[in-house]
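Have a look at the structure below before the remarks.
Every number in this text was worked out from the coordinates using simple rules, so none of it is lab data. What you are looking at is a predicted structure, and each value in this text was computed from that prediction instead of being measured. Note that each Cβ is placed from the backbone with ideal geometry, even for glycine, and that neighbours are counted across all protein chains shown.
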């Protein structure tokens, strides 16, 4: 496992065209974010067996990882059926993350990509994950951080008009449609991880405020993709470069920005399960 000196892979260093893989199958605002995250995993080895906690429909795993991961776990039947069709995992399991049906120290690694922010009560989930991970096993995850809400473009627009109550109302609305329960800073995550028996090995902030504005407006401009998905069970009806030329041109600027962003609104974490002789803090 590459834990000692991990570094985020830049767009020019990536071995796959992650941007095209994502935007040709997802709404552009979600696709560009997932593309940035997918290339980060190119520099990280995941020893088997690997658990994908909150795997959803398996779309991300099927494109981001070089092998089908051993187990994809999610509480929802519909997305798991999609994950099975994609063959993203060797096995899919329907279960709550706070009650993982595997024995102690079973998994050698775990990932959870943009999932933990949607879980209201995180402590039981992290404790349960720690139980099923072997000592020293890596746990990689990414989440929106404490800058996510404060940098939203429409919220800042209201702030500049001295209408902060509307700005705050909009932030609550956007958090609601994003289904976020947590947008926390690193010390908060470090405290959670330590309490559950993890050590934080590395982290970096990514996705600049400008990139976030592309994501923010995409929630509204991407409504046709939502209608398309309702009608045809596909986000993109014509996934061809001639059809997505403008989309690719706009999103490529975001995708090619430097991976580490000082004011990034998301954080990528690399943790590991503490060994038996290491104390919990």
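Specify the residue with the greatest mean-square fluctuation among 40, 207, 139, computed from a Gaussian network of the chain linking alpha-carbon atoms under 10 Å apart. Fluctuation is largest for 40. Ranked by the mean number of other Cβ atoms within 10 Å per residue, highest first, peptides 149-162, 240-253, 19-32 order as 19-32, 149-162, 240-253.
Based on DSSP H segments of at least four residues, each scored -39500 (n - 2.57), the chain has a per-residue ellipticity at 222 nm of -12000 deg cm²/dmol. Distance between the modelled labels on residue 219 and residue 253, one decimal in nanometres: 2.2 nm (7 Å Cα→Cβ projection). Counting only Cα atoms, region 193-281 measures 57, 31, 22 Å along its principal axes, largest extent leading. Extension gain for residue 25 to residue 176 (0.36 nm times residue separation, less C-alpha to C-alpha distance): 51.9 nm.
Length gained on full extension, residue 146 to residue 210, computed as 0.36 nm times the residue gap minus the Cα-Cα distance: 21.4 nm.
Note on residue 263 and residue 94: their simple-model spin labels are 4.6 nm apart, each label 7 Å out from Cα toward Cβ. Two numbers describe the Cα atoms of region 1-154: Rg and Dmax, which are 15.5, 47 Å. Here the contact order of the chain, divided by its residue count and restricted to Cα pairs under 8 Å and six or more residues apart, works out to 23 percent.
Enumerate the residues in region 219-260 having an amide nitrogen under 19 Å from the point lying 7 Å beyond the Cα of residue 203 toward its Cβ. Of the residues in region 219-260, 259-260 have backbone N under 19 Å from the label point off residue 203.
Each pair of Cα atoms in the chain enters the Kirkwood radius, and Stokes-Einstein at 20 °C and 1.002 mPa s then converts it into a translational diffusion coefficient of 110 µm²/s.
Approximating the spin labels as points 7 Å out from Cα along Cα→Cβ, the residue 67-to-residue 10 distance works out to 3.0 nm. Rounded to the nearest 10 degrees, the angle from helix 122-132 to the longest Cα principal axis of the chain is 50 degrees. Evaluate E = 1/(1 + (r/R0)^6) for residue 234 and residue 127, where r is the Cβ-Cβ distance and R0 equals 41 Å; express this FRET efficiency to the nearest 0.05. So the FRET efficiency works out to roughly 0.60.
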